[in-house]
Amino acid sequence: MTDQELEILLKRKCNAFDLKQIAFNCLLQIFKDNSNNNDFLNGYTENEIKTIFERFEYQIDRRIGSAIIRTRIGLYLDDRDNVWLDNIEPIGYYELETDFNGEILDDWFVIEKEKYVSDIEIISHFQSMNQKLPPEYLRRNHIQYEFVAYISLVGTLFISKQFEGAGRFVKRAYSYLETISDNKFDKDYLKSSKRFLKLMSKYLVTNNLISESLKQELIENKNEG
């Protein structure tokens, strides 16, 4: 049997079992079963996610000692920055595994990105800010140690989806800045950290990730901006 003949045979088998449609149906059921779980999609909503058929894979699986077919559906977002191919950004996938008789063996649903972490690109902001962090600020007896701790907790709590806590430490950092003169700070680090606090504050408020009372405190904070 030639490669072309084998490919035709496998395509016919996938079409005969309607594996693509079965995979889409299973994925839809997963969305329905987890519609009340706010953490299931890592902050994304079903309406944001585009489901696109990607491929069939044919493998000999040593676990079951026979051939299997994997049907893969990609999970994508609209690419707002026009960076990704076809203007869609991959964030995960769904795979349905069946045997060569069309019987379902297993499946996987994977979200590889976090909405809020991806949106705000917090890792890159941390890296940029910490490059300007004077090493002596990390000493416990240094006047800026407390401020550095607040900044670090903002990022840590945000990544952990403890948004209210992150907002509270944004407020504490702003309050600290009210008590310490700017000339006590390294100029570049102060500028970078203020930009970070402004970014975090705006994002938490705009996306309604914190309580109304805290939102009002951040909006009214005279240091914001």
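Calculated FRET efficiency, ASN208 to GLN59, Cβ-Cβ distance, R0 = 45 Å: about 0.50 to the nearest 0.05. A convex hull fitted to the Cα coordinates of segment 143-185 yields 50 cubic angstrom per residue. The tail of the calculated P(r) for the chain, taken as Cα-Cα distances beyond 26 Å, holds 54 percent of the pairs. Can you figure out the FRET efficiency of ALA67 with ASN47, using R₀ = 25 Å and their beta-carbon distance, to the nearest 0.05? After rounding, the FRET efficiency stands at 0.10. Per-peptide packing, taken as the mean over residues of other Cβ atoms within 10 Å, places 196-209, 79-92 in the sequence 196-209, 79-92 from highest down.
The fraction of Cα-Cα pairs per 5 angstrom bin, counted from 0 for segment 16-63, comes to 4, 16, 21, 20, 15, 13, 8, 3 percent, rounded to whole percents. Under 23 Å of direct C-alpha separation, and excluding same-chain neighbours fewer than eight residues apart, LYS132 reaches these lysines: LYS171, LYS184, LYS187, LYS191, LYS194, LYS198, LYS202. Please report, to two decimal places, log10 I(q)/I(0) for segment 3-113 at q = 0.13, 0.14, 0.15, 0.21 Å⁻¹ as given by the Debye formula with identical point scatterers on the Cα atoms and no solvent. So the normalised log intensities are -0.56, -0.64, -0.72, -1.12. Proximity of backbone amide H atoms, modeled 1.01 Å from N, is registered between LEU77 and LYS50, GLU89, ILE91 at under 5 Å, excluding neighbours fewer than 5 places apart on the same chain. Evaluating 6.51 cos²θ - 1.76 cosθ + 1.60 at θ = phi - 60° for every residue in segment 188-202, the Karplus couplings come out as 5, 5, 4, 4, 5, 5, 5, 5, 5, 5, 5, 4, 5, 4, 4 Hz, glycine and proline recorded as x.
With the simple spin-label model, which puts each label point 7 Å out from Cα in the Cβ direction, the ASP81 to ASN25 separation comes to 4.0 nm.
Computed from phi, the 3J(HN,Hα) profile of segment 71-84 under the Karplus parametrisation 6.51, -1.76, 1.60 (θ = phi - 60°) reads 9, 10, 10, x, 10, 9, 10, 4, 7, 6, 9, 6, 9, 8 Hz, with x in place of Gly and Pro. Go ahead and run the numbers for FRET between SER35 and ASP107, Cβ-Cβ distance against an R0 of 22 Å, rounding to 0.05. Plugging the Cβ-Cβ distance into 1/(1 + (r/R0)^6) gives 0.75. Taking the convex hull of the alpha carbon positions in segment 115-155 and averaging its projected area over all directions gives 2.9 nm².
Bear in mind that the values in this text are calculations on the coordinates, not laboratory data. Quantities reported herein were computed from a predicted structural model and do not represent experimental measurements. Positions of Cβ are backbone-derived with ideal geometry, glycine not excepted, and every protein chain shown enters the neighbour counts.
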